[in-house]
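Here the structure is laid out as structure tokens; the discussion comes afterwards.
Where a number appears in this text, it was derived from the coordinates with a stated rule and is not lab data. The structure presented is a predicted model; accordingly, all values stated were derived computationally and were not measured. Because the Cβ atoms are built from the backbone with ideal geometry, glycine has one as well, and the counts that use them run over all protein chains shown.
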Amino acid sequence: MSISHPLVWSLSANFSMQNSDTIWSYGSKPGYLPNGEFSRMTNLLWDTKDSGVVALFKEDNTWNKDWLGIYYNTKETATLLVYNSNMTFIAHGVCMHPGNIAKEFAVARFTAPVNGTYTIKVKFLHVDDYVKESNTTTGAYVIHNNETIWEEIIRDYIPGSFITNSDGIRINENDTIDFLLGIGVGGAYHMTSVDVDISAWQETTSTTTTQTASLSSLPKPSSENSVNNNNNRKIYLIGGSIGLMLGLIIGGCLAFIYFQYRKKNKRLLIPGSND
């Protein structure tokens, strides 16, 4: 396995007003059920007050009715959304608001396109100036495949932040990471900016395959070769032993013949030895 250069995504930089992207999608979940069913929002409406903000609502919703929605500033500069209070949007900023009627969660969903090790950085921050007067809160969550990995109550103008550790987290292709905004303590809520950056180190197998193919083409010691080598050594040892034994036997025979020959000649040379 090898790790390639990281892939990167951003909630604001990759925002799609058509809500048709396969990686980022925007919708809602039932109130008090952060692990409930995700419903995609498709009702795109522009703010009629010319703030440059567009919102994705549920089909039966509209501006200043149920605030449940995902909001995006289309301008390259900051803008002010004014509805009974002032809500400040940074340039190309994404904000979310939970439902003020049925208390649904507003959800930005990331669907992982590859297997890999992911790092996630997210920050939730109130942008409504009514926060200063109301002293109310909003609930923020990060959920991986319906398992909550972080949750926090957002208070005042104190951001709630989540960052994965240095090792990141293992995420498989088509896993989902949901960034939720829900009601806070006592059923309170506020318009909240959501800033998300995700990086992934994709797992690949091409290098491993190439290395395996290269190695397979090289001669390598195998168990069969080892057996053959052992057998060859045994043959050499047995052959050497047999040659040594034959040499000793033949040498012994020649020595015996020579000894008998000398003994016979000696008797012929000694007078009276033939009597």
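Once segment 126-165 is narrowed to residues that are under 21 Å from the mean Cα position of the chain (by Cα) and part of a loop (DSSP other than H, G, I, E, B), the residue that is surrounded by the most Cβ atoms within 10 Å (Cβ to Cβ) is Thr164. Scan segment 104-124 for residues that are surrounded by fewer than 20 Cβ atoms within 10 Å (Cβ to Cβ) and not in a loop (DSSP other than H, G, I, E, B) and the total you get is 6.
In segment 3-102, which strands (runs of 3 or more DSSP E) lie fully inside it and hold 1 or more residues that are touching a strand residue (DSSP E or B) at 6+ places or on another chain (Cβ under 8 Å) and of a type in the set (Ser, Thr, Tyr)? First the steps, then the outcome.
Values: elements: 7-10, 24-29, 43-46, 53-57, 69-73, 79-82, 86-89, 94-97.
In segment 3-102, 7-10, 24-29, 69-73, 79-82, 86-89 are the strands (runs of 3 or more DSSP E) which contain 1 or more residues that are touching a strand residue (DSSP E or B) at 6+ places or on another chain (Cβ under 8 Å) and of a type in the set (Ser, Thr, Tyr).
Across segment 166-184, the qualifying residues are those that are assigned to a loop (DSSP other than H, G, I, E, B) and small (Gly, Ala, Ser), and the one among them that is surrounded by the fewest Cβ atoms within 10 Å (Cβ to Cβ) is Ser166.
Tallying residues that are surrounded by fewer than 13 Cβ atoms within 10 Å (Cβ to Cβ) and of a type in the set (Phe, Trp, Tyr) within segment 56-80 yields 0.
Please find, within segment 2-18, the residue that is surrounded by the fewest Cβ atoms within 10 Å (Cβ to Cβ) out of those that are more than 21 Å from Ile120 (Cβ to Cβ) and in contact (Cβ under 8 Å) with a residue 40 or more places away in the chain. First the steps, then the outcome.
If we filter segment 2-18 for residues that are more than 21 Å from Ile120 (Cβ to Cβ), which is where we start, we get 2, 17-18.
From what is left, the residues that are in contact (Cβ under 8 Å) with a residue 40 or more places away in the chain are 2, 17.
Numbers: Ser2: 12, Met17: 14.
Here the residue is Ser2.
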